[in-house]
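Reading through the structure tokens given below for one structure.
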Amino acid sequence: MKFLILFSLFIFSLNSFSQDSEVFDDQEYVQIGDMYVPTSALLDENSPVDNRAVKDSGVRLWTGGILWYQFSPNVSTSRRNLFLSACQRVGEFADIRCLPRRSQDRNYIYVQDTNENLCGSSFLGMRGGRQPLKINCWRQRTLQHEIMHALGISHEHNRHDRDDHLVIVWNNIHPSNRYNFRKLARPSHALNYYDYDSVMHYGSFSGSYNGGIVFYRRDLGPTQGRIYQTDEMSYGDHFMLYHLYGGRRP
């Protein structure tokens, strides 16, 4: 089955994403949930559908698959080890390595222990320079999720085609939080099937301000189609990273 799925994937070239080793300061970012996204990656609702997939995403990959990192002094030894364990999981199949920043490395993530309202936050892809990656919920799911953002992987529910797969119940989302469900013009992934099991997917009640369901699977309805957050990366998560950075097939 997985073999057949591989042949049904969109074959996006790595050239669709930008790889560079310089510091960048030429992009404007907007917050969507726990990720900061280049404005060039937002969906233009007025554009023809067939133009959305070819729009430059503005998401940059990490050169050579090396995610340089530096810990803030407030990150304990045990939490540093949790971060490194998550890095190993993320790079289980893809050619991705998390390495401590050297003095000459200008582009790196700065891992911080935070008490902010979100479980974590990260820029999407390589922003350039010192790039904050903040963690409040120190568990593997959150760590893998935020590391994947830093590597260029966005949420499933922000895909340009998500309305083909999900029903959003807007009345259960506070107007001030509806920006979390903005769609991206070009998904930073390589799958042409919707991955309900992705660690990059929110749960059906995430962001509800009145206790009601926020979204559900279109094909199953509001009772059977509830989506629950997973604790581990899915096959699709691993394959997306493999497709972007190379390595071995999951």
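The values are calculated or read from the model by the stated rules, or taken from the named source; none is laboratory data. This structure is a prediction, so every number in the text was calculated from the model and none was measured. With ideal geometry, Cβ positions are generated from the backbone for all residues, glycine too; neighbour counts draw on all protein chains shown.
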*Using the structure shown, decide if Val30 is exposed (fewer than 14 other Cβ atoms within 10 Å of the Cβ), assigned to a strand (DSSP E or B), modelled with pLDDT of 85 or more and of a type in the set (A, V, I, L, M, F, W, C).*
yes
*Among the residues of region 132-158, which ones are surrounded by fewer than 21 Cβ atoms within 10 Å (Cβ to Cβ) and closer than 16 Å to Asn107 by Cα?*
Pro132
*Restricting region 9-27 to residues that are at pLDDT 50 or above and either surrounded by 12 or more Cβ atoms within 10 Å (Cβ to Cβ) or over 14 Å from Arg60 (Cβ atoms) (or both), which is farthest from the chain's Cα centre (by Cα)?*
Phe24
*Quickly run through region 214-234 and pick out the residues that are in a loop (DSSP other than H, G, I, E, B), without any contact (Cβ under 8 Å) to a residue 60 or more places away in the chain and surrounded by fewer than 17 Cβ atoms within 10 Å (Cβ to Cβ).*
Arg218, Asp219, Leu220, Arg226, Tyr228
*For region 118-127, indicate whether the set of residues that are surrounded by fewer than 18 Cβ atoms within 10 Å (Cβ to Cβ), in contact (Cβ under 8 Å) with a residue 24 or more places away in the chain and not in a loop (DSSP other than H, G, I, E, B) is non-empty.*
no
*Exactly one of (1) modelled with pLDDT under 90; (2) farther than 19 Å from Met126 by Cβ is unmet by Leu184. Its number?*
(2)
*Return the pairs, sorted by first residue and then second, in which the second residue is polar (S, T, N, Q) and surrounded by 23 or more Cβ atoms within 10 Å (Cβ to Cβ), the first residue lies in region 133-157 and is farther than 23 Å from Ser78 by Cα, the beta carbons are less than 8 Å apart, and the residues are 6+ apart or on different chains.*
Gly152/Ser188; Ile153/Ser188; Ser154/Ser188; Glu156/Ser198
*Can you name the residue in region 194-250 that is in contact with an Asp or Glu (Cβ under 6 Å, 6 or more places away or on another chain) and of a type in the set (A, V, I, L, M, F, W, C) and is also nearest to His155 (Cα to Cα) among such residues?*
Met200
*What is the residue count in region 94-112 for residues that are part of a strand (DSSP E or B) and of a type outside the set (Lys, Arg)?*
9
*For region 61-81, what are the residues that are part of a helix (DSSP H, G or I), out of contact with any helix residue (DSSP H, G or I) (no Cβ under 6 Å at 6 or more places or on another chain) and not charged (D, E, K, R)?*
Thr63, Gly64, Thr77, Ser78, Asn81
*Would you point out which residue out of Asp163, Asp237 is charged (D, E, K, R) and either assigned to a loop (DSSP other than H, G, I, E, B) or over 15 Å from the mean Cα position of the chain (by Cα) (or both)?*
Asp163
*For region 68-119, which residues satisfy the criterion of being hydroxyl-bearing (Ser, Thr, Tyr) and touching a strand residue (DSSP E or B) at 6+ places or on another chain (Cβ under 9 Å)?*
Tyr69, Ser72, Ser76, Tyr108, Tyr110, Thr114
_Checking Tyr193 against (1) in contact with a Pro (Cβ under 6 Å, 6 or more places away or on another chain); (2) modelled with pLDDT under 90; (3) among the hydroxyl-bearing types (Ser, Thr, Tyr): exactly one of these is not met. Which one?_
(1)
